[in-house]
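Right, one structure below, let's go through it.
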Amino acid sequence: MTRDSLITLDSVWRGAHVATMKGGQYSIIENAAIGVRGGRIVWIGKAHDLPAYQTQHEHDLGGGWITPGLIDCHTHLVFGGNRAGEFEQRLNGVSYQDIAKQGGGIASSVRATREASEAELVASALRRLKSLMADGVTTVEIKSGYGLSLDSELKMLRVAGKLGDEWPVTIKRTCLAAHAMPPEFDDKDAYIDYLCEKVLPKVAQLGMADAVDAFCEGIAFSTEQVARYFRTAESLGLPVKIHAEQLSSLGGTAMASSFKALSADHIEFIEESDVKAMAESGTVAVLLPGAFFTLKETQRPPIALLRQYGVPMAIATDANPGTSPALSLRLMMNMACTLFALTPEEALAGATIHAAKALGMADSHGSLEIGKVADFVCWQVDSPGELSYWLGGDLVKTRVYEGKQSDGKNSQGSNRLGKNSQGEPA
Ligand code: NIG
Ligand code: FE
């Protein structure tokens, strides 16, 4: 064989089985090899079928299972302070609503987030981000929504961008300015006007968000108010997603589907007509078992209907200081199985390919296929179902981000694909 007929690779990994998650199923390749060039997968299959190649790096994994890097598609990872005190209050019988009435809840996180410097927000969010990364996460969506003013929303989005620029993890940013009412406003319509006139146009102009989100609920914004905010997002070319039907059924999910929302999240209270609307618009159902568990909810999302209509189900941590102080996506996979009766295969699809779809990035991420970004994890497990079985534990053997090994704990990201998501200073 001549040198010219060799395929040229940067790295090859072999010595493990692969669950590719193509099509939302395990799609197993036993005794596999993965060849990577330029941060992308250029060859994947059975190791004994690998054609002749030359490579810079050859890795023998020595057993285990490879899956796509996990994708946490719904987090509020950037915030000031924390609400452990409120957790104690709730354990002593004070309700989430009463805490909010006393100026706690989201409002207390807004105060702490506004007061914190960018450096403080980066440092506290980084500790949480490292927990996710060490547990196999390679992409994280981070929402704003604890700023609720132009400057402080931009501050949160800048912090999120900085994390992605400096660490080996892809950060997708979502502007959740319609999360709650800021103290300066007492009229919800006036606040929505401010978001449509001042906040969303600036966020779009600076390129500081990949999507726009809103909390549609009696304690937040109405379906009409969110629709107005979404129309502005749409006119600015930003895709939308929604927190909807978490505590009651207001019609937010169906309304968001009419905007072809990337995802509708929480959705414990959706009905068959909502599920149909999601199926038609290609909207992903993002299940958040951490918030369901923390709030001791009893109404489960209608999993059987979502399956029946073929709506993809993603799973996320909803990591936030109030309703879901969750820092392990694998624990959420377990909870999706135990609390919502997903199968471990559905749970893994929910944290990979369906999560990628919820972020509008399924063409490049979420499954292991030729042409996709080489984000994957080799786990110390005997079957992929084990990822949903263990409650915690250190299962990551090797984490590969954009074609380079990085454990996600202390490696500063030298392996970027050359993006800069910072936006200019406000
Ligand atoms: O996704 N549902 C609304 N927002 C967050 C909770 C925010 C908070 O309590 O700080 C959620 O659960
Ligand atoms: Fe949330």
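List of remarks:
- Per-residue [θ]222 nm for the chain (sum of -39500 (n - 2.57) over DSSP H runs n ≥ 4, rounded to 500): -9500 deg cm²/dmol
- In sequence order, calculated HN-Hα J values of segment 249-259 (Karplus, 6.51, -1.76, 1.60; Hz; x Gly/Pro): 9, 10, x, x, 5, 5, 4, 4, 4, 5, 9
- ³J(HN,Hα) computed for each position of segment 284-292 - Karplus, 6.51 cos²θ - 1.76 cosθ + 1.60, integer Hz, glycine/proline x: 7, 8, 9, 8, 10, x, x, 6, 4
- Each Lys or Arg adds one and each Asp or Glu subtracts one; over the other residues with Cβ under 9 Å from the Cβ of residue 372, this totals -2.
- Distant-in-sequence amide H partners of residue 137 (H built 1.01 Å from N, under 5 Å): 70
- Centre-to-centre, using Cα atoms only, segment 185-243 and segment 1-52 are separated by 43 Å.
- Residue of 375, 363, 213 that the Gaussian network model of the chain assigns the largest fluctuation, springs spanning Cα pairs under 10 Å: 363
- Taking segment 170-220 and dividing mean pair separation by its residue count, relative contact order in percent (alpha carbons under 8 Å, at least six apart): 62
- Counting DSSP beta bridges with both ends in the chain, the antiparallel % (nearest 5): 40
- The trypsin sites (Lys or Arg not before Pro) of segment 312-416 that meet both conditions, a loop assignment by DSSP and at most 11 other Cβ atoms within 10 Å of the site Cβ, are 409.
- Computed over the chain: relative contact order in percent, which uses C-alpha pairs under 8 Å that are six or more apart: 20
Any read-out appearing in this document is the output of simple, stated calculations on the displayed coordinates, not a laboratory observation. Keep in mind it's a predicted model, so treat the numbers as computed, not measured. Every residue, glycine as well, gets a Cβ built from its backbone with ideal geometry; the counts of neighbours run over all protein chains shown.
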